[in-house]
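For reference, the structure is listed below as structure tokens.
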Amino acid sequence: MTVVAVTYRYTDDVARRDRVLPEHRDWLRGLADQGVLLVSGPYGPDEPRGALLLFRADKAQVRALMEKDPFAAVGGVIAETEIAVWEPVIGFVLAAVRD
């Protein structure tokens with residue numbers, strides 16, 4: 001199965017992002033429970049505001065999912081999204097991808 005990496009860059013509207021965060025995380029948990037989302041999380045405090053998400057799906061599926069993300073669909077707190085196929089060759093992620 002294909003692994004797709006999504007990189008978010010957030011807007012500067014922290015208050016709006018914080019309001020939508022619970023809905024966003026519930027949405028992500030649902031995708032993780034389905035086995036579609038492998039891992040996600042924000043960058044550290046000293047990095048640009050954003051997050052990395054890894055999906056086990058094809059690129060078209062991930063694009064469609066991103067449109068339903070509450071951060072994008074409801075919150076308007078995503079300034080930029082990059083979606084790219086990622087090919088892991090070493091490390092623990094391989095076990096999850098091969099399942």
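What follows draws every value from the coordinates through simple rules; no lab data is involved. Note that the structure is a prediction, hence the values are computed from the model and not measured. Glycine also receives a Cβ, built like all others from the backbone with ideal geometry; neighbour counts cover every protein chain displayed.
Every residue, every condition in (1) of a type outside the set (Gly, Ala, Ser); (2) within 11 Å of the chain's Cα centre (by Cα), yes or no:
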| residue | (1), (2) |
| --- | --- |
| 38 | yes, yes |
| 41 | no, yes |
| 44 | no, no |
| 47 | yes, no |
| 51 | no, yes |
| 62 | yes, yes |
| 65 | yes, yes |
| 68 | yes, no |
| 75 | no, no |
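Taken together, 3, 39 contain a single residue that is buried (at least 16 other Cβ atoms within 10 Å of the Cβ), among the hydrophobic types (A, V, I, L, M, F, W, C) and touching a Leu at 6+ places or on another chain (Cβ under 7 Å), which is 3. Candidates in segment 52-73 are the residues that are out of contact with any helix residue (DSSP H, G or I) (no Cβ under 9 Å at 6 or more places or on another chain) and not basic (Lys, Arg); of these, the one that is farthest from residue 33 (Cα to Cα) is 60. Note on segment 6-94: enclosed strands (runs of 3 or more DSSP E) holding 1 or more residues that are free of Cβ contacts under 8 Å to residues at least 12 places away in the same chain are 37-42.
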